[in-house]
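Encoded as structure tokens, the structure appears first; notes follow it.
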Amino acid sequence: MCGIVGYIGKKEKKNIILNGLKELEYRGYDSAGMAIIIGNEMSYYKAVGKLENLANKMKECQYHGDGVAIGHTRWATHGKPTEINAHPHLGEYSFVIHNGIIENYKELKDELEASGVKFLSQTDTEVIVHLFEEYNKNAKTPFEAYKKTISRLKGAYATLLVTKAAPDEIFFAKNAAPLIIARDGDEIYLSSSDSPLIGLAKEAIYLEDGSYGVAKLGNLTIFDENNQEIKPNFTELPKDKGYALKDGYRFFMEKEIYEQSQVIAECLMGRLSDDDLNLDIDISLFNDIDEVVLCACGTSYHAALAASYLLERLAKIRANVVVASEFRYKEPFLNPNSLFIVISQSGETADTLEALKIAKNANLKTLAICNVDNSSIVRMAKEVLLTRAGIEKGVASTKAFATQMICLWMLSLKLAKIRHTIDDKTLENEIKTLRNIPSVVNFDKSLQEKIYRKAKHYVHGHGFFFIGRDIFYPLALEGALKLKEISYLHAEGYPAGEMKHGPIALADEGLYTIALLPQTILYDKTKSNVEELAARDAFITTISPLEFELSDDFIKINSHSHPMSEFFEIMVVLQLFALEISIRLGNDVDMPRNLAKSVTVE
Ligand code: F6R
């Protein structure tokens, strides 16, 4: 995810911005840039790749004296990671940087282009700077123009704008993306996270959604979402950088579980209208196909498996799922009318990449669902749907899985619409449900505390069976994978109906059965499978909205009318379950033994 740094003061600016951006490197980025205004002099620099590339371009420069500077690291979401698409974006006399997604950028861009404005980049962000300069033609003050600009934006943004029209000020705004302002005497620092601010300032203000304002040496004016000026409420900055890097969480995995609501919102942004989906992929990809093949490894494979249910149910198309390492060598029969979809968080998984090569060489239509733009898989696939989860640090995948599922669900709906296999009312309801998923995965700390308390009972069993039916079967596989990856306890996922075909032989009081028991799909069928296990004295843990009398342990979820809402809520429970057991066992949650984040060898 992108990073933002800003500074107002006398100190040398290049190094303050570069050092700040360095602190944000952990968020992941593919290009970087900065802009500086001192008096009448405006300068800007951009570079693709690592921060060193930007630093090299600026090797000879120093920027002392009263002035303003802004810097940015970009994680591509709209447009490739190129120098032109890197921030800051420029107008004629202003620069803007931005984190998040401007949902209505197309509408704003059309409007600006109609009045003669030329755009350089493919980004959503560039509309902000042009809109500002358009409004500034008739505004009383540049800040009035900025205020009007912000009022036109829909979506998520933390954004800074500097302009020659007000050369000693930084305009800022925040909505659904973090922005923090710190001060040290008269000097002001801005950032998207605590870590660049630690050591530079002692106190900071964490802006609320909808707020915006203007900062100047020794002066800070902030307005709330109702355009009322508010008194800046400074609090002490944390002192520990490690803690700040994880936004106060103990582990990256924990932070990433909490982040899911936000990244799902970003994943949906700009892609939904009330009765259609805009996935920014060439829809000729779907012409004349009679099959979808989904290929991936690990967690991404589980997303593929869950998606096969959605594709067949909604789009009425055959969906085959293959593990990439198997596909490579099985001399697969390749149907020329299939759409070959690879799913990968990293975009570098060797087996998935090879499978994609095979499909490409056979002239199949290819689509990558991936989290990392410009990765090998993204470059190779014909079309791409980015998951927008931001960098995932924890080796055990969480938010990447969540956004893969969202993309695959959106894709199933788009295909269903194109193939006329869904009626308008159902599609509208699906879209409404999709929009609500960010709140479904948003959970209260008390849920984590409850699971932490329960976790102590699970550290000694001889094994875990995660069971579920339909889309909850792949989710059971994913729950088991999360647990084994970070707890090193033996865990398997099974289709609930399969237990009596062999695995039930293992059932005894030391075997934990984690039953995914949603209300909306095959409740009675799954329940009777669980009863069979209970009759053999297995320890039964149910995750369900409905109480189940044979449970030895019970984690209640909310009642939902749509299976996908139940899917996402149970997903969070399973992630927390694995996390808390691993913590109890004293394991390294973020770097489990024997595992690598990106598997670039076969
Ligand atoms: C599990 C996990 C792995 C990956 C797998 C594929 O938590 O992270 O199973 O899902 O190695 O990786 P990507 O998605 O990067 O292709």
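The values are calculated or read from the model by the stated rules, or taken from the named source; none is laboratory data. Fair warning: this is a prediction, and the values are worked out from it, not measured in the lab. Heads up, the Cβs are rebuilt from the backbone with ideal geometry, glycines too, and the neighbour counts pull from every protein chain shown. Quick note on the areas: whole protein, heavy atoms, side chains included, nothing else; ligands and nucleic acids left out. Shrake-Rupley method; radii C 1.70, N 1.55, O 1.52, S 1.80 Å.
Of all DSSP beta bridges confined to region 218-331, the antiparallel ones make up roughly 35%. Between region 105-140 and region 39-86, the C-alpha centres lie 21 angstrom from each other. What percentage of all Cα-Cα pairs in the chain are separated by more than 31 Å? I get 52 percent for the Cα pairs in the chain exceeding 31 Å. A probe of 1.4 angstrom, applied to the heavy atoms of all protein chains, finds Glu229 with accessible area near 120 square angstrom.
Note on the chain: antiparallel DSSP beta bridges, both residues inside, total approximately 60 percent of the bridges counted. When only alpha carbons are used to place a centre, region 443-462 and region 162-240 end up 38 Å from one another. Shape call for region 327-439 from the C-alpha gyration tensor, a ≥ b ≥ c root eigenvalues: rounded (a/c under 1.5), prolate (a/b greater than b/c) or oblate? Oblate is the answer for region 327-439, as a/c is 1.5 or above yet b/c matches or exceeds a/b.
Only lysines eight or more places from Lys246 in sequence, or on another chain, were considered; those with a Cα closer than 18 Å are Lys22, Lys255, Lys393, Lys399, Lys445, Lys597.
The alpha carbon centroids of region 528-602 and region 301-376 are separated by 27 Å.
A DSSP coil position with no more than 15 other Cβ atoms inside 10 Å describes the following trypsin sites (Lys or Arg not before Pro) in region 375-473: Arg419. Across region 1-115 the C-alpha pair distances fall into 5 Å bins from zero in the proportions 2, 12, 22, 23, 19, 11, 7, 3, 0 percent.
Counting heavy atoms of the protein chains alone, Thr82 has an accessible area of about 50 Å² for a 1.4 Å probe. Each other residue within a Cβ distance under 14 Å of Thr520 adds +1 if Lys or Arg and -1 if Asp or Glu, for a net charge of -1.
Judged by the ratio a/c of the largest to the smallest principal axis of the C-alpha gyration tensor, region 3-245 counts as rounded, that ratio being less than 1.5. Can you list the lysines whose alpha carbon sits under 17 Å from that of Lys527, skipping same-chain ones fewer than 8 residues off? Straight-distance partners of Lys527: Lys500, Lys556. Subtracting the Cα-Cα distance of Ile84 and His460 from their residue separation scaled by 0.36 nm leaves 129.8 nm. Accessible area per residue was computed with a 1.4 Å probe on protein heavy atoms; Asp288 scores about 130 Å².
Sparsely packed loop sites in region 125-186 (the trypsin sites (Lys or Arg not before Pro) outside DSSP H, G, I, E and B with at most 10 other Cβ atoms within 10 Å) comprise Lys137, Lys140. Ordering Lys330, Lys255 by accessible surface, largest first, gives Lys330, Lys255; the 1.4 Å probe counts only protein heavy atoms, with every chain in place. Of all lysines in the structure, the ones whose alpha carbon falls short of 28 Å from that of Lys137, not counting any fewer than 8 places away in one chain, are Lys46, Lys106, Lys109, Lys118, Lys147, Lys148, Lys154, Lys164, Lys174, Lys216. Shown are Thr542, Thr349, whose ranking by accessible area with a 1.4 Å probe and every protein chain present, most to least, is Thr349, Thr542.
Structural size metrics of region 393-437, computed from C-alpha coordinates, are Rg and Dmax of 13.1, 40 Å.
Find the relative contact order for region 17-76 and round it to a whole percent, using C-alpha pairs within less than 8 Å whose residues are 6+ positions apart. Answer for region 17-76 is 46 percent.
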